[in-house]
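The values are calculated or read from the model by the stated rules, or taken from the named source; none is laboratory data. All values derive from a computational prediction rather than experimental measurement. When we count neighbours, we look across all protein chains shown, and the Cβ atoms used for this are built from the backbone with ideal geometry, even at glycine. Side chains are part of the model used for accessible areas, which takes the heavy atoms of the whole protein and leaves out ligands, DNA and RNA. Shrake-Rupley method; radii C 1.70, N 1.55, O 1.52, S 1.80 Å.
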Amino acid sequence: MGHLIELKDVYKIYQMGDEAVHALDGVSLTVDQGEFVAIVGQSGSGKSTAMNIIGCLDVPTSGIYRLGGVDVSTMDDDQQAEVRNKMLGFIFQQYNLIPKLNVLENVELPLLYAGVSASRRRERAMAALERVGLADKCKNLPSQLSGGQQQRVSIARALAGEPSVILADEPTGALDSRTGREVLAFLQKLNAEGDTVVLITHDNSIAVKAKRIVRLQDGRIIYDGDAHDPQAVVQPEEEREEVDI
């Protein structure tokens, strides 16, 4: 049984004028089925670049990325889009719901793109809404829901595609702390039910809700291990200075 996610010596280098910026500087990482991993780092650490590569939104400059045993590091945009639709469910900070569509239609949308039949779409979308406790709101418009409910709709939309990996990018960033805690508890519940969750965040208090923390700094992994190990949240001095790249 291979790894679900495997990054091997991945570099992502951007040209900024005369300077080459190593957003990822030789990152190797594996994630197995059923894990809950937080990728943590300050802005400029490379975590967003890691998210884009894991999410098949970008390709490495060099190195290998395998998702479900398939090498995606050399794919073109169309091939990447196909892998994205099949394998990945995204949860973003902005819920990215379409205001004119009701909750059910929003959850069905990725399935529509994936060519799933209308009856099967409805069935899968309703099952996903059941899982997030919002089946009774299926006819509502996003504007009729609270922020936390809208984020749960976006989680249902990610689940409806029956993805191998749920990729959550700062999923509580737009929520107050109480609602944020609810959404995190929800991701923990999905993980307990067998879903693989990769969470991207800059916030230690969110990261510790995962089971494993991978901390990035200057494009390199400086910690990879148990989320409850005290070292998981200890930050080196120089990391406290926020730099944006």
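So here's what we get for this one:
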| quantity | calculated |
| --- | --- |
| Subset of region 170-197 (residues that are open to solvent by 40 Å² or more (accessible area, probe 1.4 Å) and of a type in the set (Asp, Glu)) | ASP176, GLU182, GLU193 |
| Condition met for VAL234 (at pLDDT below 95, more than 16 Å from GLY89 (Cα to Cα), of a type in the set (Val, Ile, Thr) and more than 13 Å from the chain's Cα centre (by Cα)) | yes |
| Of all residues making up region 135-149, the number that are touching a helix residue (DSSP H, G or I) at 6+ places or on another chain (Cβ under 6 Å) and modelled with pLDDT of 95 or more | 5 |
| Hey, GLY225 in a loop (DSSP other than H, G, I, E, B) and modelled with pLDDT of 90 or more or not | no |
| Residue in region 5-26 that is part of a loop (DSSP other than H, G, I, E, B), open to solvent by 40 Å² or more (accessible area, probe 1.4 Å) and closer than 24 Å to LEU187 by Cα present | no |
| Residue satisfying all of: in region 56-74; more than 15 Å from the chain's Cα centre (by Cα) and within 24 Å of ARG157 (Cβ to Cβ); least open to solvent (accessible area, probe 1.4 Å) among these | VAL72 |
| Index of the failed condition, ALA81 passing every other in (1) over 22 Å from LEU199 (Cα atoms); (2) surrounded by fewer than 17 Cβ atoms within 10 Å (Cβ to Cβ); (3) small (Gly, Ala, Ser) | (1) |
| Residue in region 46-55 that is in contact with a helix residue (DSSP H, G or I) (Cβ under 9 Å, 6 or more places away or on another chain), more than 22 Å from SER154 (Cα to Cα) and open to solvent by less than 20 Å² (accessible area, probe 1.4 Å) present | no |
